[in-house]
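Trainee: Dropping the structure in here first, questions after.
Read-outs throughout are calculated quantities, based only on the coordinates presented, and are distinct from any laboratory measurement. On a predicted model such as this, the values are computed, not experimentally measured, just so you know. Please note: Cβ atoms are built from the backbone with ideal geometry, for glycine as well, and neighbour counts cover all protein chains shown.
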Amino acid sequence: MRIPDTARPTMDDFLDLVRGTTPAEAAVLLGPESWTLGDIVGHLIDSASNNHQPFVRLQFGVLEGFPGYDAEPWVTAQSYAEADWTTLVLLWESYNELLLHVIETIPETALRNTWNTPDGPKTLEFLVTDYYAHMRPHVEHYATRLAEVRANGN
């Protein structure tokens, strides 16, 4: 499969932001209902790991009964704000480089294979494209949150 045009620019934009973030900034919690910058990176690691399996499994045929995930409990359970910042950044980068490799090796014949989700069938091609569409608003959210953290003197 050809990598979506938005993949590399989205990844590069995010890497520029996280590489310019200090560990102290990454751990700042601006409010009880908000995510830290570390939480945002952690969520995107969760997204990568939860998309990896369908990207591979759908190459073998239709996918039935595979669980989705609920972002809030996953972020809470993993305490990303307390994780080592360098480890989070490296894991996000490495995982996404791996996903690019996986995507490049998807045979065209598998792109129409579907995952039958509670929201209806999703093709492998849709899931790959949607993965990067999902990432873009998080890049923008991260940039906004980083500016807020810095404006608050943290």
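Trainee: For Rg/Rh (Cα atoms, Kirkwood Rh), which listed value, (i) 0.96; (ii) 1.07; (iii) 1.00, comes from the coordinates shown?
Mentor: The listed entry that was calculated here is (iii).
Trainee: Right, something else. Along the charge dipole of the stretch 7-151, Cβ charges K/R +1 and D/E -1, which of T22, G38, W92 sits furthest on the positive end?
Mentor: Selected residue: W92.
Trainee: Out of residues 5 or more away from L63 or on other chains, whose amide H comes under 5 Å of its own, with H placed 1.01 Å from N in the peptide plane?
Mentor: Placed amide hydrogens put T114, W115, N116 under 5 Å from L63.
Trainee: Report the longest stretch of the chain that contains none of the trypsin sites (Lys or Arg not before Pro) sitting in a DSSP loop with at most 16 other Cβ atoms within 10 Å.
Mentor: 3-111
Trainee: Apply the Karplus parameterisation 6.51 cos²θ - 1.76 cosθ + 1.60, with θ equal to phi minus 60°, to every residue of the stretch 117-128 and state each ³J(HN,Hα) to the nearest whole Hz, in sequence, with x for glycine and proline.
Mentor: 9, x, 8, x, x, 10, 7, 4, 4, 4, 4, 5
Trainee: I need to check one value: relative contact order of the chain, counting alpha carbon pairs closer than 8 Å and at least 6 residues apart, in percent.
Mentor: Reported as a whole number, the value is 38 percent.
Trainee: Here's another thing I want to ask about it. Determine which residues of the stretch 79-113 fall in the zone a paramagnetic label at D130 would reach in this model, i.e. backbone nitrogen under 20 Å from the point 7 Å along Cα→Cβ.
Mentor: Within reach of a label on D130: 96, 99-100, 102-104, 106-113.
Trainee: Step through the residues of the stretch 6-13 one at a time and calculate ³J(HN,Hα) from phi using the Karplus curve (6.51 cos²θ - 1.76 cosθ + 1.60, θ = phi - 60°), rounding each to whole Hz and writing x for Gly and Pro.
Mentor: 7, 4, 5, x, 5, 4, 5, 4
Trainee: Using 0.36 nm per residue, how much length does the chain from R150 to S94 gain when fully extended, once their Cα-Cα distance is taken away?
Mentor: Once the chain is fully extended between R150 and S94, it gains 17.4 nm.
Trainee: To the nearest 10 degrees, how steep is helix 85-104 against the longest Cα principal axis of the chain, on a 0 to 90 scale?
Mentor: It works out to around 20 degrees.
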